[in-house]
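Encoded as structure tokens, the structure appears first; notes follow it.
The values are calculated or read from the model by the stated rules, or taken from the named source; none is laboratory data. Not measured: the values here are computed from a predicted model. Quick reminder, even Gly has a Cβ in these numbers, built from the backbone with ideal geometry, and neighbours come from all protein chains shown.
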């Protein structure tokens with residue numbers, strides 16, 4: 001049987017053009033198994049959710065004036081749903097999870113259950129929590145320290161009046177910070193401090209306290225404005241009254257340059273480099289567009305393909321670091337393969 005080669009070539013060329021146009025108009029149209037159609041057509045590598053910040057609640061017991069993840073909803077998924085959801089990014093390459101909020105310790109029992117699940121069942125390299133510290137109890141660390149690699153406590157000042165003015169303190173923030181640092185040493189959890197550098201603390205010298213506390217990482221963030229969260233009087237918070245210039249932030253960092261644990265994070269690196277999973281199990285778009293569909297509905301790869309996350313900035317700000325406890329302290333969970341960025 002004769003084959004019309006010319007006609008066949010024209011047919012293939014037509015199909016190719018149609019597929020290309022379709023990928024531009026409907027970039028999330030899927031082949032089976034939820035693989036983004038445009039990724040297959042253009043030969044793109046799927047994004048790897050190597051480090052996920054899971055804000056499973058937006059409720060908080062503090063009122064920090066510059067907060068950019070405010071309690072616009074009280075929604076929280078039940079524990080079985082959260083566990084089913086977290087298995088998906090683990091299967092897609094997640095190596096580290098950070099439980100955040102809101103304030104995670106408003107829900108200590110489900111928080112502890114998820115910490116144990118992520119380490120024991122999912123086998124993640126690193127499990128961490130970031131907290132304002134006010135609700136942390138020694139009993140939590142005693143029970144879950146074997147599965148918890150990092151506990152990060154937010155502290156913006158060692159002057160209690162400044163903490164109160166910010167909205168984070170109630171007069172005992174510094175005392176509680178030292179208490180938690182001691183518990184972390186006692187139970188073998190890596191202790192981290194997060195500081196938001198803003199108009200009220202930019203001139204403060206924190207060297208003495210940081211030298212005594214000896215966190216393994218001291219993250220210093222330049223206060224950030226996020227559209228729809230803390231950018232006006234119409235939002236729950238208005239962070240503009242706390243903002244500082246790049247020069248002021250650099251002066252703060254230079255003042256503390258001798259601290260080996262210091263990790264500066266200016267707005268340029270912070271704004272779009274965090275991969276955030278919200279309380280509805282959606283990835284947030286770091287340019288302010290609509291979030292993804294819930295990962296339990298569309299899968300991780302398709303959800304990631306629909307949002308912007310700056311992977312280069314993630315690497316530049318030091319997002320990949322030695323984030324797991326030593327083997328002798330963590331029960332032998334082996335480190336995975338290095339990423340091919």
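Going by what's in this entry, would residue 151 be described as part of a strand (DSSP E or B) and touching a residue at least 24 places away in the same chain (Cβ under 8 Å)? Working first, answer last.
Values: part of a strand (DSSP E or B): yes; touching a residue at least 24 places away in the same chain (Cβ under 8 Å): yes.
In short, yes.
Is region 275-282 home to any residue that is closer than 25 Å to residue 57 by Cβ, at pLDDT below 95, in contact with a helix residue (DSSP H, G or I) (Cβ under 6 Å, 6 or more places away or on another chain) and surrounded by 15 or more Cβ atoms within 10 Å (Cβ to Cβ)?
Within region 275-282, not a single residue is closer than 25 Å to residue 57 by Cβ, at pLDDT below 95, in contact with a helix residue (DSSP H, G or I) (Cβ under 6 Å, 6 or more places away or on another chain) and surrounded by 15 or more Cβ atoms within 10 Å (Cβ to Cβ).
Looking at region 71-125, which of the residues that are touching a helix residue (DSSP H, G or I) at 6+ places or on another chain (Cβ under 9 Å) and in a strand (DSSP E or B) is nearest to residue 48 (Cα to Cα)?
Among those that are touching a helix residue (DSSP H, G or I) at 6+ places or on another chain (Cβ under 9 Å) and in a strand (DSSP E or B), it is 97.
For a quick check of your reading of the model, give me the residue pairs whose first member lies in region 216-229 and is more than 16 Å from residue 194 (Cβ to Cβ), whose second is at pLDDT 70 or above and buried (at least 20 other Cβ atoms within 10 Å of the Cβ), with beta-carbon atoms closer than 9 Å and at least 6 apart or on different chains.
Pairs found: 225/66; 229/67.
Looking at region 300-341 only, could you name the residues that are modelled with pLDDT under 65, surrounded by 17 or more Cβ atoms within 10 Å (Cβ to Cβ) and assigned to a loop (DSSP other than H, G, I, E, B)?
The answer is 333, and nothing else.
Return the only residue of 221, 191 being crowded, with 21+ Cβ neighbours inside 10 Å and either in a loop (DSSP other than H, G, I, E, B) or at pLDDT 95 or above (or both).
191
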